[in-house]
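These notes are about the structure you will find just below.
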Amino acid sequence: MSPHLVDWRGRYRGSAICVVQPGSTAEISAVVATCALHGVAIVPQGGNTGLCGAATPNPDGGAVVVGLARVNRIRSIDPANNTMTVEAGCLLHDVRAAAAAAQRLFPLSLAAEGSCQIGGNLSTNAGGVQVLRYGNARELTLGLEVVLPSGEVWDGLRGLRKNNTGYDLKQLFIGAEGTLGIITAAVLKLFPLPSATATAWLAVASPSAAVILLGHLQDRFGAALTACELISETALHIVRRHVRTGSELPASPWHLLIELSSGDDATAMHEALTSFLAAASDDGRVDDAVLAQSSEQARALWALRENIGEAERREGPSIKHDVSLPISLVPEFIALADQALGAAFPDLRSVTFGHIGDGNLHYNQSKVDAADNAAFLTARPQVNRIVHDLAHRLGGSISAEHGIGQLKRDELPRYKQPLELDLMRAIKRTIDPRGLMNPGKLL
């Protein structure tokens, strides 16, 4: 049971009556109905890759953990309708691979896609690197199948883009972190598989320069701009320290990793990006650039971005933040947060990176000397208050894509309007009146 009782980061540890691994929606329904009959709490668990402790049971040991790994069939793919129906335990990598085999793209892409499950992605409304073009999990879902806290099964597996017949119930369960029911299957949107991609690593002077360049990229390439990732030199440095890479990149305080994709000719796309980068270099918008000349080079560049989380884990503990902001205010947030934290904590190091194309910033703090981090972590409430208050003041959110879970549950009332929380609690009481679904998370 032990792997199911601790989160990926090792921060939260719990206990449980047992762990069950049902193999079908009917078996999940039977498990939940039995728990409901006896008043036993239920903790749904997918790939257990979350960062906020939402899939970890509480320490009291009174819950049953329901693992979804065996509910993992690709039920159907409809290329003409550009949809696929998959079960919640499917690995995100396998969902993307099945779509590609049908000459379609499922665009949700995360560093953890080899171990995270689609049910967990939906339960946390996952974002990833391609939200800029395709949207987050909420926008990629047309229908759901959900086991409710009573054990009843709601079949909302409809592959319709227009269905104006009342409340859009699926949206209640996406992002609910398993507190309203267990997502068991979903109808997902597919897209034409791009025939051309172009990937480049850019050196830029500052986050302000990155935001300006993002606007110019969007003006020039429109929807073909699939991803735009901001990476600080500090973040890149720890990746180089802990993950082997042969990529030679220009020295710079800040970097952008961009990707274009479309159904156009690959040569024409590369030529267009080369021309854009040459002009941007001439007028000072870009300090230097590396344009991938092969799919292998592109994967190597993406590996630098995708290994930041793993490199941070190897580096040691840190205080992590997942905030979203209006894109125009990302530079101001970084400058003000760096200033405030630097004044409060000497020798602080901020590892800053994220999806600048949609305003989502991962902003993580630790001490340069790892030996100082144990003491520094006791300052987590003060650090969080500085970061979260600033994000809120600038019109942002304290959680962009990781969710609330246990980590930010007690922070939520400070930043949510009381009416919002009352509405959320009313929905929870209506669907789960006994509070058996994932207690102690989110609310």
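Here, each number is a calculation from the coordinates, and none is a lab measurement. Computed from a prediction, not measured in an experiment: that's the story for all the values here. Note that each Cβ is placed from the backbone with ideal geometry, even for glycine, and that neighbours are counted across all protein chains shown.
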| query | Among rounded, prolate and oblate, which fits segment 282-335 when a ≥ b ≥ c are the square roots of the eigenvalues of its C-alpha gyration tensor, a/c under 1.5 means rounded, and a/b larger than b/c means prolate? | reply | oblate
| message | Just to confirm the number: angle between the C-alpha axis of helix 418-431 and the first principal axis of the chain, 0 to 90 degrees, nearest 10? | response | 40 degrees
| According to the Cα gyration tensor, what semi-axes, each the square root of 5 times an eigenvalue, does the equivalent ellipsoid of segment 196-309 have, listed from largest to smallest in whole Å? | 22, 17, 12
| request: Would you mind calculating the relative contact order of the chain from Cα pairs under 8 angstrom and at least 6 residues apart, reporting the percent as a whole number? | output: 17 percent
| task | Any chance you could get the radius of gyration and Dmax over the Cα atoms of segment 316-400, in Å? | result | 12.3, 37
| Karplus-derived 3J(HN,Hα), 6.51/-1.76/1.60, for each residue of segment 342-351, Hz, glycine and proline x | x, 5, 7, 9, x, 6, 7, 10, 9, 9
| query | Which of the lysines could be linked to Lys162 by a straight reach, that is with a Cα gap under 24 Å, when you skip same-chain ones fewer than 8 residues away? | reply | Lys170, Lys189
| Over segment 326-415, what relative contact order in percent results from Cα pairs under 8 Å that are six or more residues apart? | 27 percent
| said: To make sure I understand, if each residue's beta carbon is the centre and we count other beta carbons within 10 Å, what order do Met437, Met269, Met1 fall in, fewest to most? | reply: Met1, Met269, Met437
| Karplus (6.51, -1.76, 1.60) ³J(HN,Hα), θ = phi - 60°, over segment 368-383, in Hz, Gly and Pro reported as x | 4, 8, 4, 5, 8, 6, 4, 5, 5, 5, 5, 8, 3, x, 5, 5
| request: At q = 0.12, 0.17, 0.19, 0.25 Å⁻¹, work out log10 I(q)/I(0) for segment 2-67 with the Debye formula, treating every Cα as an identical point scatterer and leaving solvent out; two decimals please. | output: -0.28, -0.55, -0.68, -1.05
| Within a Gaussian network of the chain (alpha carbon springs, distance under 10 Å), most fluctuating of Thr226, Thr234, Thr165 | Thr165
| query | Among the DSSP beta bridges whose two residues both lie in segment 309-443, what percent are antiparallel, rounded to the nearest 5? | reply | 95 percent
| task | Enter the per residue convex hull volume of the chain, computed from alpha-carbon coordinates, in Å³ rounded to the nearest integer. | result | 144 Å³
| field | Positive-end residue, segment 83-228 charge dipole about Cα centroid, Cβ charges, pick of Thr141, Ala112, Ala227 | value | Ala227
| message | Beyond 15 Å, how much of the Cα-Cα pair distribution for segment 315-355 remains, as a whole percent? | response | 48 percent
| Rounded to the nearest 20 Debye, what is the dipole magnitude of the chain about its Cα centre when Lys and Arg each give +1 and Asp and Glu each give -1 at the C-beta? | 1220 debye
| query | Using only helices, what value at 222 nm comes out for the chain when you add -39,500 (n - 2.57) per DSSP H run of length 4 or more and divide by the total residues, to the nearest 500 deg cm²/dmol? | reply | -10000 deg cm²/dmol
| In what order do Leu301, Leu68, Leu157, Leu421 fall by count of nearby beta-carbon atoms within 10 Å, going from fewest to most? | Leu421, Leu157, Leu301, Leu68
| Inter-label distance, nm, simple model (7 Å from Cα along the C-beta direction), Ala196/Ala97 | 3.0 nm
| request: List, in order, the whole-Hz ³J(HN,Hα) value for each residue of segment 394-410 obtained from phi through the Karplus relation with A = 6.51, B = -1.76, C = 1.60 and θ = phi - 60°; use x for Gly and Pro. | output: 8, x, x, 10, 7, 9, 8, 8, 8, x, 10, x, 8, 4, 10, 4, 7
| said: Over the chain, with a Gaussian network built from C-alpha contacts below 10 Å, which listed residue (Ala344, Ala126, Ala55) shows the highest mean-square fluctuation? | reply: Ala344
